[in-house]
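Novice: Got a structure for you, questions after.
The values are calculated or read from the model by the stated rules, or taken from the named source; none is laboratory data. Quantities reported herein were computed from a predicted structural model and do not represent experimental measurements. Every residue, glycine as well, gets a Cβ built from its backbone with ideal geometry; the counts of neighbours run over all protein chains shown. Just the protein is used for accessible areas: all its heavy atoms, side chains included, with ligands, DNA and RNA removed. Shrake-Rupley method; radii C 1.70, N 1.55, O 1.52, S 1.80 Å.
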Amino acid sequence: MGAYLIKGGARLLGEVDVAGSKNAALAIMSAVVLAEGTTILHNVPNVSDTKTKAKLLEVFGAKVQWVEGSLIIDCTHLHDGEADEEMVRSIRTSFYLLGPLVSRIGFVTLPAPGGCKIGARPVDLHVKGLRALGADLDLSDGRYTVRANQLVGTEIYLDVPSAGATQHLMATATLAKGITVIQNAAVEPEVTALADFLNRMGAKVEGAGTSTISIQGVSRLEACGYTIPTDRLQAGTYLLAGAITGGDVTVRGIIPENQAAVINKLREIGADVAEGPDWLRVKSDGGLKGVRIKTMPYPGFPTDMQQPMAALLTVCEGMSVVEETIYESRIGHVQELNRMGASILQEGRTTIITGSSKLKGASVTASDLRAGAALVLAGLVAEGETVVKNIHFIDRGYDNLEGTLVSLGGDIKRISSQEKRTKVGDTVH
Ligand code: EPZ
């Protein structure tokens with residue numbers, strides 16, 4: 001397992017571009033199976049989750065080729081397949097393949113997705129929606145078996161505006177007979193990106209980006225080309241890196257309104273945020289103060305930025321309160337940040353942070369993707385050296401994190417986790 005060795009103290013300065021959105025790419029890579037022929041996806045992020053998803057598509061007969069950041073996927077000949085349980089459990093969006101695949105080939109079996117460090121991550125809304133569309137789903141021995149001859153459009157109400165359930169059911173409904181209306185749909189930008197892709201294939205999706213989406217089923221879809229939009233979560237992480245190091249960082253090629261919640265909190269904290277048509281610039285010369293954060297479905301404060309934001313709040317003057325309303329245990333960063341000298345109290349879904357602690361380098365371990373990002377941010381500002389272990393979690397969702405941070409002046413490099421910190425007198429626990 002790899003690790004990062006980070007020497008803290010450098011102010012990050014400069015401009016960076018952002019890779020394609022992992023979450024948009026994964027949802028779109030489930031939907032490509034809806035059309036015969038060859039789809040070409042550009043700007044696909046080079047992260048382990050997209051590589052795993054590509055391998056999963058091949059299990060069901062897709063022919064996949066990577067050509068410099070573009071993915072060429074031929075879904076002409078699809079068939080059921082025996083997907084490896086570990087592979088399926090390693091990425092939740094494997095589950096979003098069920099509906100599109102059964103629309104194409106009528107019968108699919110797939111291991112049930114697992115939970116993860118951040119919560120149980122149920123799929124009841126996905127199952128309810130597929131059954132409402134007329135699919136016959138059975139779960140036994142930890143595997144779903146799904147059968148369907150012709151799915152039929154219907155009304156689906158989502159108890160929770162689940163991004164995944166919205167994406168899964170919206171894609172599946174494109175080949176159902178008649179009209180499907182999804183009520184209380186998620187409005188995340190990744191839902192809108194998927195709807196754009198589906199309509200590019202000839203689907204008739206309306207209302208994406210609002211809480212009511214209607215899909216007029218069609219008899220077939222055409223493979224097409226599509227460019228994945230940039231990743232708002234990687235972009236947000238680089239903005240926070242500028243703030244936490246007292247630097248001056250510009251993120252280019254993004255959609256600023258997708259960052260509204262993060263920008264508003266950065267301004268409330270006291271960072272200086274400038275905005276252009278496709279860029280954001282964050283400057284900070286310290287003197288930041290603590291705030292209240294409450295994660296909510298988009299456009300609320302994104303749960304995926306909760307942990308990186310917590311790292312920033314540990315060096316903000318005064319008390320901060322972070323309430324995580326989406327996942328029951330998105331707290332893998334807390335004890336590791338405390339090992340670095342932060343003072344964070346965890347009470348259920350609420351994290352209480354007493355800021356302005358001077359962070360000190362330590363050997364810490366990433367427990368999940370965004371907790372890992374939080375530890376990297378802390379390492380950039382901590383005194384001395386930090387080793388962040390288990391960075392395979394970070395590789396799931398950040399395309400070239402260390403290269404981007406080095407281009408901004410950060411001192412971070414990838415090492416094997418056996419290598420130790422070099423500071424004299426330090427023992428790596
Ligand atoms: C997507 O997960 C993202 N993942 C997550 O990002 C993100 O945190 C999440 O949306 C929320 O924005 C991908 O897009 C691959 P949900 P998803 O279904 O779709 C409940 C990252 O770090 N729920 O919106 O799985 C669930 O318990 C990852 O990039 C049900 O109750 O999230 C949770 O409380 C982590 N029943 C809430 O909805 C269901 O059937 C949000 O889950 C489905 C979800």
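Novice: Could you tell me what % of all Cα pairs in the range 12-94 have separations over 17 Å?
Specialist: Numbers: 1546 of 3403 pairs.
Result for the distance tail: 45 percent.
Novice: What angle do you read, to the nearest 10 degrees and between 0 and 90, between the alpha-carbon axis of helix 48-59 and the longest principal axis of the chain?
Specialist: Tilt relative to the chain: about 20 degrees.
Novice: Okay, which of the range 101-128 sit inside 15 Å, backbone N to the point 7 Å along the Cα-Cβ direction of ARG143?
Specialist: What the label zone holds, given the 15 Å backbone N cut-off, is 107-113.
Novice: Could you check which residue among SER363, SER21, SER140 shows the biggest mean-square fluctuation in a GNM of the chain with a 10 Å Cα cutoff?
Specialist: Looking only at SER363, SER21, SER140, the largest GNM fluctuation is found for SER140.
Novice: Treating only the Cβ of Lys, Arg, Asp and Glu as charged (+1, +1, -1, -1), what charge dipole size does the chain show about its Cα centre? Round to the nearest 20 debye.
Specialist: Numbers: 42 positive and 47 negative charges, 107 e Å.
Here the size comes out at about 520 debye.
Novice: Going 7 Å from the Cα of GLU383 in the Cα-to-Cβ direction, what parts of the range 1-36 have a backbone nitrogen less than 16 Å from that spot?
Specialist: From the range 1-36, the list is 7-10.
Novice: When the Cα centres of the range 214-255 and the range 263-289 are compared, how far apart do they sit, in Å?
Specialist: About 19 Å separates the Cα centre of the range 214-255 from the one of the range 263-289.
Novice: Can you give the convex hull volume per residue for the Cα atoms of the range 1-155, as a whole number of Å³? Don't jump to the answer; show the numbers that get you there.
Specialist: Values: hull volume 25.4 nm³, N = 155.
Once divided by residue count, the hull of the range 1-155 is 164 Å³.
Novice: Hey, what angle do you get for helix 189-200 against the long axis of the chain, alpha-carbon based, 0 to 90 degrees rounded to 10?
Specialist: Relative to the chain, helix 189-200 is tipped by roughly 30 degrees.
Novice: Next question. Taking N as the number of residues in the chain, what value does Rg over Cα atoms divided by 2.2 N^0.38 Å take?
Specialist: Working: Rg = 21.7 Å, N = 429, 2.2 N^0.38 = 22.0 Å.
After normalising by residue count via 2.2 N^0.38 Å, the value is 0.99.
Novice: Can you compute the charge dipole magnitude of the range 223-274 about its Cα centre, using +1 on each Lys and Arg Cβ and -1 on each Asp and Glu Cβ, nothing else charged? Give it in debye, rounded to the nearest 20. Before the final figure, lay out each step's value.
Specialist: Numbers: 4 positive and 5 negative charges, 15 e Å.
Here the size comes out at about 80 debye.
Novice: Around ASP17, under 13 Å between beta carbons, what's the net of Lys plus Arg minus Asp minus Glu among the other residues? Could you put the intermediate results ahead of the total?
Specialist: Details: positive: ARG252; negative: GLU15, ASP231, ASP278, ASP399.
Net local charge, ASP17 excluded: -3.
Novice: Additional query: Filter the cross-link list LYS63/LYS117; LYS360/LYS413; LYS389/LYS413 down to pairs whose alpha-carbon distance in this structure exceeds 22 Å.
Specialist: Over 22 Å apart, Cα to Cα: LYS63/LYS117.
Novice: Taking the Cα centre of the chain as the origin and placing charges on Cβ (Lys, Arg +1; Asp, Glu -1), which of PRO256, THR237, GLY106 is farthest toward the positive end of the dipole?
Specialist: In the chain, that residue is THR237.
Novice: Using a Gaussian network model on the chain with a 10 Å cutoff between Cα atoms, which of HIS42, HIS77, HIS333 fluctuates the most?
Specialist: HIS77
Novice: In nm, give the distance between the simple-model label positions of VAL67 and ILE255, each being 7 Å from the Cα along the Cα-to-Cβ direction.
Specialist: The answer from the label model is 2.7 nm.
Novice: Distance in nm between label sites at GLU275 and GLU206, each 7 Å beyond Cα in the beta-carbon direction?
Specialist: For the pair GLU275/GLU206, the computed spacing is 3.0 nm.
Novice: Given the -39500 (n - 2.57) contribution per DSSP H run of 4+ residues, what per-residue ellipticity at 222 nm results for the chain, rounded to the nearest 500 deg cm²/dmol? Could you put the intermediate results ahead of the total?
Specialist: Values: 14 runs with 129 residues, N = 429.
Mean residue ellipticity at 222 nm (helix-derived): -8500 deg cm²/dmol.
Novice: Report the one residue of THR386, SER407, VAL364 whose Cα lies farthest in the direction of the positive end of the charge dipole of the range 363-417 (charges on C-beta: Lys and Arg +1, Asp and Glu -1; origin at the Cα centre).
Specialist: The listed residue farthest towards the positive side: VAL364.
Novice: Tell me the angle of helix 163-173 to the major Cα principal axis of the chain, expressed in degrees between 0 and 90 and rounded to the nearest ten.
Specialist: The answer is roughly 20 degrees.
Novice: What is the gain in length, in nm to one decimal, between GLN335 and LYS283 on full extension, counting 0.36 nm per residue of separation less the C-alpha to C-alpha distance? Could you put the intermediate results ahead of the total?
Specialist: Numbers: separation 52, 0.36 × 52 = 18.72 nm, distance 2.85 nm.
Once the chain is fully extended between GLN335 and LYS283, it gains 15.9 nm.
Novice: If you don't mind, another one. Which value, in debye to the nearest 20, describes the size of the charge dipole of the range 22-226 about its Cα centre when Lys and Arg Cβ atoms bear +1, Asp and Glu Cβ atoms bear -1, and nothing else is charged?
Specialist: Details: 18 positive and 21 negative charges, 21 e Å.
The calculated dipole for the range 22-226 is roughly 100 debye.
Novice: I'd like the FRET efficiency for GLU155 and ARG414, computed as 1/(1 + (r/R0)^6) with the beta carbon distance as r and R0 of 41 Å, rounded to 0.05.
Specialist: Working: r = 50 Å, r/R0 = 1.21.
According to the calculation, E is roughly 0.25.
Novice: How much of the accessible area of the chain, in percent, comes from carbon and sulfur atoms when a 1.4 Å probe is used?
Specialist: Values: 8280 of 16350 Å².
About 51 percent, which is the carbon plus sulfur part of the accessible surface.
Novice: Who wins for biggest fluctuation among GLN306, GLN346, GLN234 in a Gaussian network model of the chain, springs between alpha carbons below 10 Å?
Specialist: Per the Cα network of the chain with a 10 Å cutoff, GLN346 tops the list.
Novice: Ranked from highest to lowest mean number of other Cβ atoms within 10 Å per residue, what is the order of the peptides 45-51, 271-277? Can you show the working numbers first?
Specialist: Values: 45-51: 20.6, 271-277: 14.0.
Descending mean neighbour count gives 45-51, 271-277.
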